[in-house]
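Take a look at the structure set out below.
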Amino acid sequence: MDLAAIDGDGGTSETAPTDQRRYASADFALPQLVEWKSDRKLSVCIPARNEEATVGPIVHTIVAGLTERGGGVPLVDEVIVVDDGSTDATRARAEDAGAQVVSTGPRDTGDRGKGQAMRVAVDAAAGDLIAFVDADVTNFGSHFVSGLFGPLLADASTTLVKGYYERPLHGAPEGGGRVTELVAKPLIELLFPTLAGVIQPLAGETAAPRSVIDKCGLADGYAVELALLIDVAEAFGAGSIAQVDLGVRVHRNRPLSELRPQATDILRTALARAGVNRVC
């Protein structure tokens with residue numbers, strides 16, 4: 001695609017936005033999810049780097065509420081934390097809370113990033129359905145996981161589930177998700193208009209069947225979420241993607257100086273996926 005293909009109305013000559021199916025996490029009762037699960041295995045994967053303060057409570061919430069061994073409902077079969085070169089007690093906190101912990105490898109390999117960590121998680125997981133959640137959420141609840149698995153268990157035609165939520169910033173009720181609002185969403189509206197209805201395209205809370213992940217792959221770095229969204233829409237159609245309202249998500253907000261590399265990664269990936277070969 002050439003940037004000249006973008007029209008003056010802020011869209012492209014391609015198709016209009018597609019309405020993705022929307023759910024709320026409360027739509028899915030745990031006993032019903034267990035019944036729908038049948039004999040399939042469900043894995044929760046958590047990429048983590050230096051998240052000792054939050055990874056333990058997140059793992060404990062999942063294990064205690066959603067696993068048989070933890071005394072909860074028998075929905076989740078395994079919780080895998082990928083220790084992506086942490087220098088703090090992330091590994092110990094995750095293991096103490098009941099997670100299986102795997103590593104991305106020595107810190108000096110250079111082959112690191114969120115996408116790489118997610119690939120390590122998939123390789124280690126046994127699940128037929130795989131949910132990813134971020135390790136820095138401070139108000140995590142088990143509904144994050146049950147909500148993500150819900151659309152996959154309820155409808156076999158669902159290929160990808162993206163969580164969405166309110167995102168407070170520094171005590172204000174909104175304002176979080178700066179890279180999403182300033183970079184990802186404008187790029188999607190211009191280059192991938194069928195996905196313009198996706199509320200949180202960069203959400204770390206996402207789930208998919210293993211078969212979909214195997215077909216589409218997981219890109220390197222921070223742009224893995226956007227790349228997977230675009231690739232799934234290309235392979236299966238934007239209408240096969242579902243969204244689930246997870247309420248409010250609170251996490252550690254990074255300073256602007258740390259967001260520029262992430263924004264660059266998103267921009268590079270979006271342009272590459274769109275086939276843009278010159279900017280003028």
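The values are calculated or read from the model by the stated rules, or taken from the named source; none is laboratory data. What you see is a predicted model, and the numbers here were worked out from it, not measured in a lab. Here the Cβ positions follow ideal geometry from the backbone for every residue, glycine too, while neighbour counts run over all protein chains shown.
Give the residues of region 65-109 that are under 16 Å from ALA126 (Cα atoms) and either in contact with a Lys or Arg (Cβ under 6 Å, 6 or more places away or on another chain) or of a type in the set (Gly, Ala, Ser) (or both), sorted by residue number. Even if it seems obvious, please write down each step before you answer.
Within region 65-109, the first condition is being under 16 Å from ALA126 (Cα atoms), and the residues that meet it are 67, 74-82, 99-102.
Of everything in region 65-109, those that are under 16 Å from ALA126 (Cα atoms) and either in contact with a Lys or Arg (Cβ under 6 Å, 6 or more places away or on another chain) or of a type in the set (Gly, Ala, Ser) (or both) turn out to be ASP77, ALA99, VAL101.
Enumerate the pairs (first residue in region 49-60 and in a loop (DSSP other than H, G, I, E, B); second residue anywhere and surrounded by fewer than 20 Cβ atoms within 10 Å (Cβ to Cβ) and of a type in the set (Gly, Ala, Ser)) with beta-carbon separation below 9 Å, excluding pairs fewer than 6 apart on the same chain, so at least 6 apart or on different chains.
Here the result reads ARG49/GLY85; ASN50/GLY85; GLU52/ALA89; GLU52/ALA92, each pair linking region 49-60 to a residue that is surrounded by fewer than 20 Cβ atoms within 10 Å (Cβ to Cβ) and of a type in the set (Gly, Ala, Ser).
Evaluate region 205-214: report whether one residue or more is within 20 Å of LEU267 (Cβ to Cβ) and of a type in the set (A, V, I, L, M, F, W, C). Outline the logic, then answer.
Taking region 205-214 and keeping what is within 20 Å of LEU267 (Cβ to Cβ), we get none.
No, every residue in region 205-214 fails to be within 20 Å of LEU267 (Cβ to Cβ) and of a type in the set (A, V, I, L, M, F, W, C).
For region 248-269, give me each residue that is small (Gly, Ala, Ser) and either modelled with pLDDT of 95 or more or more than 19 Å from the chain's Cα centre (by Cα) (or both).
SER257
Suppose we filter VAL179, VAL198 for residues that are modelled with pLDDT under 95 and either of a type in the set (Phe, Trp, Tyr) or in contact with a Leu (Cβ under 9 Å, 6 or more places away or on another chain) (or both); which single one remains?
Details: VAL198 fails: modelled with pLDDT under 95.
Of the residues listed, the single one that is modelled with pLDDT under 95 and either of a type in the set (Phe, Trp, Tyr) or in contact with a Leu (Cβ under 9 Å, 6 or more places away or on another chain) (or both) is VAL179.
Would you check which residues across region 51-75 are more than 22 Å from the chain's Cα centre (by Cα) and buried (at least 16 other Cβ atoms within 10 Å of the Cβ) and list them?
GLY70, GLY72, VAL73 - these are the residues of region 51-75 that are more than 22 Å from the chain's Cα centre (by Cα) and buried (at least 16 other Cβ atoms within 10 Å of the Cβ).
Output yes when any residue across region 80-95 is touching a Pro at 6+ places or on another chain (Cβ under 7 Å) and surrounded by 22 or more Cβ atoms within 10 Å (Cβ to Cβ), and no when none is. Talk me through it step by step, then tell me what you get.
First, the residues of region 80-95 that are touching a Pro at 6+ places or on another chain (Cβ under 7 Å): 82, 84.
Keeping just the survivors that are surrounded by 22 or more Cβ atoms within 10 Å (Cβ to Cβ) gives 82, 84.
Checking region 80-95: at least one residue is touching a Pro at 6+ places or on another chain (Cβ under 7 Å) and surrounded by 22 or more Cβ atoms within 10 Å (Cβ to Cβ).
Do we find that GLU78 is modelled with pLDDT of 95 or more and more than 19 Å from the chain's Cα centre (by Cα) in this structure?
no
Could you grab me the full set of residues in region 41-73 that are in contact with a strand residue (DSSP E or B) (Cβ under 9 Å, 6 or more places away or on another chain) and of a type in the set (Val, Ile, Thr)?
Selection gives VAL44, ILE46, THR54, VAL55, ILE58, VAL59, ILE62, VAL63, THR67.
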